[in-house]
1. How about the range 75-103: which of its residues are among the hydroxyl-bearing types (Ser, Thr, Tyr) and either under 15 Å from Ala175 (Cα atoms) or in a strand (DSSP E or B) (or both)?
2. Restricting to the range 344-358, give me the number of residues that are in a helix (DSSP H, G or I), surrounded by 12 or more Cβ atoms within 10 Å (Cβ to Cβ) and of a type in the set (D, E, K, R).
3. Return yes or no: is Gly375 touching a Ser or Thr at 6+ places or on another chain (Cβ under 9 Å) and closer than 25 Å to Asp333 by Cα?
4. Of the residues Asp318, Asp281, only one is more than 29 Å from Leu358 (Cβ to Cβ) and open to solvent by 50 Å² or more (accessible area, probe 1.4 Å); which?
5. Identify the single condition in (1) within 30 Å of Asp121 (Cβ to Cβ); (2) open to solvent by less than 40 Å² (accessible area, probe 1.4 Å); (3) without any contact (Cβ under 8 Å) to a residue 60 or more places away in the chain; (4) not hydrophobic (A, V, I, L, M, F, W, C) that Asp196 does not satisfy, given that it satisfies every other one.
6. I'm told Pro9 meets every condition in (1) of a type outside the set (Asp, Glu); (2) in contact with a Lys or Arg (Cβ under 7 Å, 6 or more places away or on another chain); (3) over 30 Å from Val213 (Cα atoms); (4) open to solvent by 70 Å² or more (accessible area, probe 1.4 Å) except one. Can you identify the failing condition by its number?
7. Could you check how many residues of the range 222-263 are within 14 Å of the chain's Cα centre (by Cα) and either free of Cβ contacts under 8 Å to residues at least 24 places away in the same chain or outside any helix (DSSP H, G or I) (or both)?
8. For the range 359-379, enumerate the residues that are among the polar types (S, T, N, Q) and either assigned to a helix (DSSP H, G or I) or exposed (fewer than 12 other Cβ atoms within 10 Å of the Cβ) (or both).
Amino acid sequence: MENFVYNTPSKVFFGKGEENNVGKIIKSYGAKKVLVHYGGGSAEKSGLLERIRKNLSAENIAFVELGGVKPNPELSLVRRGIELCLAENVDFVLAVGGGSVLDSAKDIANGAACPDVDVWDFSLGKKVPEKSLKKGSVLTLAAAGSEMSDSCVITNSDSMEKRGYSCSCNRMDFAIENPELTFSVSPYQTACGIVDICMHTMERYFCIGSDTVLTDGIAEHLIKTTIKSGLECLDNPCNYEARANMMWASSLSHNGLTGCGRKFILPVHQMEHEVSGFYPDVAHGAGLAALWCSWARYVYASNIQRWLQYSSRVWNVDIDFEHPEKTIEKAIDLQEELYRKIGMPVNLKSLGVKKDDLNKMTDGCTRNRSRNLPGYKTLEYGDILAIYEAAFE
C-alpha cells in the first residue's frame, strides 16, 4: 500500500429538504454577500432557485446571481464571475447544479480570492491558489463528484483546451445533497452519471499500487452499487433510494476514498478532456464511455492479475486460468454492453469526432509530446494515438 493523506473537509447535509436550510448553513460561515452560481433554466423552472433566494433573504444574507454555466464550464464565464465577485464584495460562492457548475464556482472562488493572478494559470499548473472564498453547493446531479473532490476542470474555448487542477482550495466547505432534486434528471444525463461515478473509481482501481484489500472492497462495491442503482433510476426516475445511492456514490467516488493506497492518475479522464475540449457539446460521461473499453483492451495485458480480480469481483466472470485474457475480454465486453444498454456511446465517431482531429487531441494530451500518462503501462504519444484510433471505429 502506498503512503497517502486522506482529508475530506467538506461537510455534507444529506437528505430530503436539506436545501431549505441553505441560508442558516451559509450564515454559520459568516457570509455577508453570496454569489449564487447556476447553469441553465432547470434550477429556475423547478423552483429551486426561488426557494434558495427566499432562504437567503430570510437570513438577511445579500446575494447576486450568475447563470449560464455550460456542460463543460468555460473560462470566459469564470472571468465574468470573478469580476462580479470583486465588484460586489462577494465573500461566499454558492453553486446550484451539477459538476460543471461546481467546478466553475470553485475557479471563481479561487480567482476572486487571488485577483492578482490570471485564473487560467491555475488550470495550466503555472500557479497554485493560496486561498479561496468560502463556497458550498446544492447538488442537482449525481455524476462528477465535485461536491467533495479537490479537483476543478475548466475549458478555454479560445484555445480548445480543457484542463484540470487539484488543490486543497478546491474543496467545498459544504455540500447539500437531496436526492429528490435529481428526480427530473434526463435518462441521458443519468446514464452519463453512471459512467462518470464508476469511472472515478475504476480508474483509481487500476492505478499503480498493491495490497489495498480494504480500498479494493470499497471500490468494487461502489461500482456494483452504482450500476444497480443507476439502472433502477433509469427504470423509475423517482426511486428515492436508487437516487440516494447514486448521489452518495458520486461523492465517495471522487473524494479520494476509493483510491487510498494507490498512486493517483486518471488516464482515460486525461484523454477525454481533449475530446470535450475540442467538442464542447460532448458530455463528459459520454466521452469517457466512448474511450474506456478501447483503453482497457489496450492496457490489460500489463497487469493480468489485477484485471482478473476486477472481472471476477465486479462482473462475476468465472476465471479461465488457462486463458486469462478470455476472462478479461468477457468483462470488458459486458461493460461495453452496459454502455449500449443505457444509451452511452462506445466509440468516438458516434460523438461526431473527426478522425483528422485524433492527432491534435494526442498532441494536447501529451502536451506536445512533453508528457506521458503513467500507469502499469505507461502511455506515450503512439499509445495514446492508438487508443484514440481504436475508440474511433
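The values are calculated or read from the model by the stated rules, or taken from the named source; none is laboratory data. Everything numeric in this text was worked out from a predicted model, so none of it was measured. All Cβ positions, even for glycine, are placed from backbone atoms using ideal geometry, and neighbour counts span all protein chains on display. Heavy atoms of the whole protein, side chains included, go into the accessibility calculation; ligands, DNA and RNA do not. Shrake-Rupley method; radii C 1.70, N 1.55, O 1.52, S 1.80 Å.
1. Ser100
2. 3
3. Spelling it out, Gly375 is indeed touching a Ser or Thr at 6+ places or on another chain (Cβ under 9 Å) and closer than 25 Å to Asp333 by Cα.
4. Of the residues listed, the single one that is more than 29 Å from Leu358 (Cβ to Cβ) and open to solvent by 50 Å² or more (accessible area, probe 1.4 Å) is Asp318.
5. (3)
6. Going through (1) of a type outside the set (Asp, Glu); (2) in contact with a Lys or Arg (Cβ under 7 Å, 6 or more places away or on another chain); (3) over 30 Å from Val213 (Cα atoms); (4) open to solvent by 70 Å² or more (accessible area, probe 1.4 Å) one by one, Pro9 breaks only (3).
7. Total satisfying the criteria: 3.
8. Scanning the range 359-379 gives Asn359, Thr362, Asn368, Ser370.
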